[in-house]
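One structure is given below, encoded as structure tokens.
The values are calculated or read from the model by the stated rules, or taken from the named source; none is laboratory data. Quick caveat, the model's predicted, so the values are computed rather than measured. Positions of Cβ are backbone-derived with ideal geometry, glycine not excepted, and every protein chain shown enters the neighbour counts.
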Amino acid sequence: MATGFRPPPYPYDRLDEFRRLASALPGGAVDLSIGSPGDPVPDVVMAALAEPGPARSYPPSEGSAELRGAVAAWMKRRLDVDMDPAYVGVCIGSKELVVGLPQLLRLRNPDRDTVLYPSLSYPSYAMGAELAGCRAVPVPVDDAWCIDLSAIDAADADRALVLWVNTPGNPAGGLDDLGAAAAWGREHGVPVVSDECYVEFTWNGPGRSILQHGSEGVLAVHSLSKRSNLAGLRVGFYAGDPDLVSYLGEVRKHQGFMVPGPAQAAGVAALSDQVHVDVQRDRYLGRLQVLVGVMAAIGIEAVLPEGAFYLWVEAPDG
């Protein structure tokens, strides 16, 4: 019998028994265990997806020129970041990059073996480290649920392959100091990757990107899953440090990772339209406000997050 790596249960699969029980109830149940959009896909996106042309040929692994250009235009429009489309890459949703990045970075820098990530976070940061044979080291968060860079042990910094930050944070909605994160990475010679998939749902001020603090040594990772209700299309993208983006693009070509052509065309349509995003922002903010009121009515204190669309509250029993 093989004695090597045995994958742990997938977090979502742990709920299978609860889903079975819920399905037996009248009306079933509302599944709030994962951030899967339930609102309509924009019509403009569906029209682009239906065009037959992009389905005929193998799509470029790094992303079509049209999609990378649309990403760069969106970054300028929404984040005031000037990004050359040549330093934009496309990925199969953000999760493909999140989980695969440590392995690709370790191929380039085998002397480092540690992935740093916020202690309160999306579970795939830690799993990406484990699959790459790296140490997964959580970094404490502060009272605002933001990563505490001062808590990183010097020995871990010396071994760090990458530092993940996440703004707005999943699940607590905190907004990290991305300028400080970029500076920490440059000081320690560690790439900093900022997961910004919820940036369109920033409630406290304008959207933040680590690229607002320069591209040297950093990447910003984004997805259309939440922004445009397109979790099923798996369209993500990353941008930043030219050397790092170029390296990842070349390795991913050899891996054969490609976002399907029709999905890339739909991505162009989604990024070129802000109206549906503004509608979705209003929906999510309204739902959060309603839920804060519901919690208050049953004696549970809840406050609106600074970003994202999850309500993070203290459990009644602590």
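One table, with the values for the structure above:
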read-out	value
Residue selected from segment 191-205 under the condition part of a loop (DSSP other than H, G, I, E, B) and either free of Cβ contacts under 8 Å to residues at least 40 places away in the same chain or out of contact with any helix residue (DSSP H, G or I) (no Cβ under 9 Å at 6 or more places or on another chain) (or both), by the criterion surrounded by the most Cβ atoms within 10 Å (Cβ to Cβ)	196
Meets criteria (touching a helix residue (DSSP H, G or I) at 6+ places or on another chain (Cβ under 9 Å), closer than 16 Å to residue 239 by Cβ and either crowded, with 17+ Cβ neighbours inside 10 Å or not acidic (Asp, Glu) (or both)) for residue 50	no
Residues (of a type in the set (A, V, I, L, M, F, W, C) and either buried (at least 16 other Cβ atoms within 10 Å of the Cβ) or within 12 Å of residue 163 (Cα to Cα) (or both)) located in segment 105-122	105, 115, 116, 120
Residue match in segment 275-294 (condition: touching a helix residue (DSSP H, G or I) at 6+ places or on another chain (Cβ under 6 Å) and hydrophobic (A, V, I, L, M, F, W, C))	yes
Qualifying residue in segment 155-165 (condition: assigned to a loop (DSSP other than H, G, I, E, B), aromatic (Phe, Trp, Tyr), in contact (Cβ under 8 Å) with a residue 12 or more places away in the chain and within 23 Å of residue 36 (Cα to Cα))	no
Within segment 86-95, considering residues that are buried (at least 17 other Cβ atoms within 10 Å of the Cβ), assigned to a helix (DSSP H, G or I) and at negative phi, the one farthest from the chain's Cα centre (by Cα)	87
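To keep it simple, each residue is scored yes or no on (1) over 30 Å from residue 215 (Cα atoms); (2) surrounded by fewer than 16 Cβ atoms within 10 Å (Cβ to Cβ); (3) out of contact with any Gly (no Cβ under 7 Å at 6 or more places or on another chain); (4) at pLDDT below 85.
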site: 4; (1), (2), (3), (4): yes, yes, yes, no
site: 10; (1), (2), (3), (4): yes, yes, yes, no
site: 24; (1), (2), (3), (4): yes, yes, yes, no
site: 27; (1), (2), (3), (4): yes, yes, yes, yes
site: 31; (1), (2), (3), (4): yes, yes, yes, yes
site: 36; (1), (2), (3), (4): yes, yes, yes, yes
site: 63; (1), (2), (3), (4): no, no, no, no
site: 67; (1), (2), (3), (4): no, no, no, no
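Results for (1) assigned to a loop (DSSP other than H, G, I, E, B); (2) aromatic (Phe, Trp, Tyr); (3) within 25 Å of residue 128 (Cα to Cα); (4) touching a residue at least 60 places away in the same chain (Cβ under 8 Å), shown as yes or no for each residue.
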{"position": "13", "(1), (2), (3), (4)": "no, no, yes, no"}
{"position": "21", "(1), (2), (3), (4)": "no, no, no, no"}
{"position": "27", "(1), (2), (3), (4)": "yes, no, no, no"}
{"position": "34", "(1), (2), (3), (4)": "yes, no, yes, no"}
{"position": "39", "(1), (2), (3), (4)": "yes, no, no, yes"}
{"position": "47", "(1), (2), (3), (4)": "no, no, no, yes"}
{"position": "58", "(1), (2), (3), (4)": "yes, yes, no, yes"}
